[in-house]
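Visitor: Mind looking over this structure? Questions follow.
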Amino acid sequence: MLSVKNSYGQWIGNKWEPSDSQLDVMNKYTLEKIASIGVATRGNVQQAVKLSREVLSEPFSPYERYKVLKQTAELMIEKQEELAQIICEEVGKPITESRGEVARAAMTLEISAEEAKRISGHAVPVEAAPGSERRKAFTIRVPVGVVAAITPFNVPLNLVCHKVGPALAAGNSVVLKPAEVTPLCALKLAELFNEAGLPSGRLNVLTGNGPEIGQWLIDEEDISMFSFTGSPRVGRWLRERAGTRKVALELGNNSATIIHHDADLDTAAEQVALKSFNNAGQVCISVQRVYVHESVKESFLDKLRIKTEALKVGDPSDDKTHVGPMIHPDQLKRVEEWVNEAVSQGAEVVTGNTKQGTVFMPTVLTNVKRFMKVCKDEIFGPVVSILSYEGEDDVINEVNDSAYGLQAGLFTNDLSFAMKAAEKIEVGGLIINDTSGYRVDHMPYGGVKGSGNGKEGPKYAIEEMTNERIIVMNL
């Protein structure tokens, strides 16, 4: 069993509130119960939002925010193995990858702590306007207020930190709703914040039924901003109902990576294999579409097959495992159905398309067409599709032929092509000589088109989570 409580209530006001009903949290590899969480009521939501609003009137200076965030980051490193074990079990993420997530989450909070001391405005030369010669003006950035943070299952600690860290650093309070299938990391994090001295009411965690809690949060007028990572359907629903309140959305992708004829094919194949199948492909920027120049397609495909088949698949608690289970058997079934549909439409399986218990084997497809679900929709599973192209403009158009635009990758040594791609590929981020799956936690991260709006990365999220106010002085 995990070194967490067997049964959790709601975390409101830095203490546990009991829940009348419970949901089981399962080990995603063995499908055994590992804990129970409370199911929040509307009263819990109202209580959490009320406390979050009330605490905003109490002083919480930038330096105090820095100290709390820095101390929490240090506590996370002290408890890295415990937190990694929780991630491994509640997500099914391989243990080495889980340890990496804890380290990154701690870094996200450390960066947020530093940014808490750097929030600033700027001078505005209003005196340049006729009649305003005796005036001076400047802007300040002020907290938006109560931030509702809604997070997904796939990165249950670091994506929580990417919302909670900047929100607290900016002086806001947070009502956090983690994914109901992976809530344990968020609850453990709340305990660490409490241990680090976070004032009561600054972070409240609600667990349970997502659609119900989401509706109740929307109904709370004291919530000033929603920060959501998840499905496009829910993101659109949230934006339609939020009214004039701020909304930041990260909604996924069917990430593309281009392999040009001058690329280092060994490096490209290795990186595509690693970043197509990490966390069983359940990452928003996992490689899904690979466009390979026709002159090197067969060579690249052979190298990718070898790299893919060398991945160790199975028990995520094994240090040697690269690919573990999917989040739920229903999702495994969906991925299998999409692959089989593509095969029936003419795609060919290079490797994979088999199951081992709760694990879907890493799968490489070729002869894929743009209309197939495995290409045009977000598969969110361990499947990568290989397509070919002839010209630079052709492949840029192919990449852009998508409802999404989060990140893309490009392997090339041609600076001219790299700069053309930088200008013309419609994404929030283009990664040169790596795949779409590259991210560090202080870079701006966010998409265009159906991938959402707003930016993550503590510095950039703080801008989203503050309002700019102009101060004009008549001297």
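The values are calculated or read from the model by the stated rules, or taken from the named source; none is laboratory data. All values reported here derive from a predicted model rather than from experimental measurement. Backbone-built Cβ (ideal geometry, glycine too); neighbour counts: all protein chains shown. In case anyone asks, the SASA skips ligands and DNA or RNA and just uses the protein heavy atoms, side chains included. Shrake-Rupley method; radii C 1.70, N 1.55, O 1.52, S 1.80 Å.
Residue-by-condition table, conditions (1) more than 30 Å from residue 80 (Cβ to Cβ); (2) polar (S, T, N, Q):
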{"residue": "139", "(1), (2)": "yes, yes"}
{"residue": "163", "(1), (2)": "no, no"}
{"residue": "170", "(1), (2)": "no, no"}
{"residue": "185", "(1), (2)": "no, no"}
{"residue": "193", "(1), (2)": "no, no"}
{"residue": "237", "(1), (2)": "yes, no"}
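Visitor: Here is a further query. What number of residues within segment 341-351 are touching a Leu at 6+ places or on another chain (Cβ under 7 Å) and outside any strand (DSSP E or B)?
Guide: Qualifying residue count, segment 341-351: 2.
Visitor: Taking segment 280-292 only, how many residues are under 14 Å from the mean Cα position of the chain (by Cα) and either surrounded by fewer than 24 Cβ atoms within 10 Å (Cβ to Cβ) or not in a helix (DSSP H, G or I) (or both)?
Guide: Going through segment 280-292 one residue at a time, the tally reaches 5.
Visitor: Please list, ordered by first then second residue, the pairs with beta carbon atoms under 8 Å, 6 or more apart or interchain, first in segment 27-47 and without any contact (Cβ under 8 Å) to a residue 40 or more places away in the chain and under 20 Å from residue 326 (Cβ atoms), second outside any helix (DSSP H, G or I) and open to solvent by 60 Å² or more (accessible area, probe 1.4 Å).
Guide: 32/26; 33/24; 33/26
Every residue, every condition in (1) in contact with a Leu (Cβ under 6 Å, 6 or more places away or on another chain); (2) of a type in the set (A, V, I, L, M); (3) over 20 Å from residue 293 (Cα atoms), yes or no:
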{"residue": "353", "(1), (2), (3)": "no, no, yes"}
{"residue": "360", "(1), (2), (3)": "yes, no, yes"}
{"residue": "368", "(1), (2), (3)": "yes, yes, no"}
{"residue": "373", "(1), (2), (3)": "no, no, yes"}
{"residue": "389", "(1), (2), (3)": "no, no, no"}
{"residue": "399", "(1), (2), (3)": "no, yes, no"}
{"residue": "417", "(1), (2), (3)": "no, no, no"}
{"residue": "425", "(1), (2), (3)": "no, yes, no"}
{"residue": "429", "(1), (2), (3)": "no, no, yes"}
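Visitor: Among the numbered conditions (1) surrounded by 21 or more Cβ atoms within 10 Å (Cβ to Cβ); (2) farther than 30 Å from residue 358 by Cα; (3) polar (S, T, N, Q), tell me where residue 295 comes up short.
Guide: (1)
Visitor: Can you tell me which residue within segment 353-371, out of those that are of a type outside the set (Val, Ile, Thr) and crowded, with 21+ Cβ neighbours inside 10 Å, is farthest from the chain's Cα centre (by Cα)?
Guide: By that ranking, first place goes to 365.
Visitor: Report, by residue number, each residue of segment 379-401 that is touching a residue at least 40 places away in the same chain (Cβ under 8 Å) and either in contact with a Cys (Cβ under 8 Å, 6 or more places away or on another chain) or open to solvent by less than 20 Å² (accessible area, probe 1.4 Å) (or both).
Guide: Those that are touching a residue at least 40 places away in the same chain (Cβ under 8 Å) and either in contact with a Cys (Cβ under 8 Å, 6 or more places away or on another chain) or open to solvent by less than 20 Å² (accessible area, probe 1.4 Å) (or both): 379, 381, 382, 383, 384, 385, 386, 387, 389, 395, 399.
Visitor: Among the residues of segment 435-475, which ones are within 20 Å of residue 172 (Cβ to Cβ) and among the hydroxyl-bearing types (Ser, Thr, Tyr)?
Guide: Residues satisfying the conditions are 445, 460, 466.
Here's the yes/no breakdown for (1) of a type in the set (Asp, Glu); (2) modelled with pLDDT under 95; (3) open to solvent by less than 40 Å² (accessible area, probe 1.4 Å); (4) assigned to a loop (DSSP other than H, G, I, E, B):
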| site | (1), (2), (3), (4) |
| --- | --- |
| 327 | no, no, yes, yes |
| 333 | no, no, no, no |
| 336 | yes, no, no, no |
| 339 | no, no, yes, no |
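Visitor: Among all residue pairs at least 6 apart or on different chains, which show Cβ distances below 6 Å where the first residue, located in segment 448-465, is farther than 20 Å from residue 426 by Cα and the second is surrounded by 24 or more Cβ atoms within 10 Å (Cβ to Cβ) and acidic (Asp, Glu)?
Guide: Between residues of segment 448-465 that are farther than 20 Å from residue 426 by Cα and residues that are surrounded by 24 or more Cβ atoms within 10 Å (Cβ to Cβ) and acidic (Asp, Glu), the close pairs are 458/115; 459/115; 462/115.
Visitor: Still on this structure: Could you tell me whether any residue of segment 137-154 is of a type outside the set (Phe, Trp, Tyr), touching a residue at least 24 places away in the same chain (Cβ under 8 Å) and out of contact with any strand residue (DSSP E or B) (no Cβ under 7 Å at 6 or more places or on another chain)?
Guide: Looking for residues that are of a type outside the set (Phe, Trp, Tyr), touching a residue at least 24 places away in the same chain (Cβ under 8 Å) and out of contact with any strand residue (DSSP E or B) (no Cβ under 7 Å at 6 or more places or on another chain), one finds at least one in segment 137-154, hence yes.
Visitor: Of everything in segment 180-197 that's open to solvent by less than 10 Å² (accessible area, probe 1.4 Å) and assigned to a loop (DSSP other than H, G, I, E, B), which residue is farthest from residue 165 (Cα to Cα)?
Guide: Filtering first and then ranking leaves 182.
Visitor: Would you check which residues across segment 155-177 are over 24 Å from residue 443 (Cβ atoms) and either assigned to a loop (DSSP other than H, G, I, E, B) or open to solvent by less than 10 Å² (accessible area, probe 1.4 Å) (or both) and list them?
Guide: 173, 175
Visitor: Which of the following residues is closer than 22 Å to residue 441 by Cβ, charged (D, E, K, R) and either at pLDDT below 95 or open to solvent by 30 Å² or more (accessible area, probe 1.4 Å) (or both): 141, 135?
Guide: 141
Visitor: While we're on this one: Exactly one condition in (1) in contact with a helix residue (DSSP H, G or I) (Cβ under 8 Å, 6 or more places away or on another chain); (2) touching a residue at least 40 places away in the same chain (Cβ under 8 Å) is not met by residue 190; state its number.
Guide: All conditions are met except number (1).
Visitor: Please state which one of 198, 203, 159, 217 is farther than 30 Å from residue 374 by Cβ, aliphatic (A, V, I, L, M) and out of contact with any Phe, Trp or Tyr (no Cβ under 8 Å at 6 or more places or on another chain).
Guide: Only one candidate qualifies: 198.
Visitor: Of the residues 152, 130, which is modelled with pLDDT of 95 or more, open to solvent by 50 Å² or more (accessible area, probe 1.4 Å) and not in a strand (DSSP E or B)?
Guide: 130
Visitor: Would you check if residue 239 is touching a residue at least 40 places away in the same chain (Cβ under 8 Å), among the basic types (Lys, Arg) and more than 26 Å from residue 421 (Cα to Cα)?
Guide: When the stated conditions are applied, residue 239 does not pass them.
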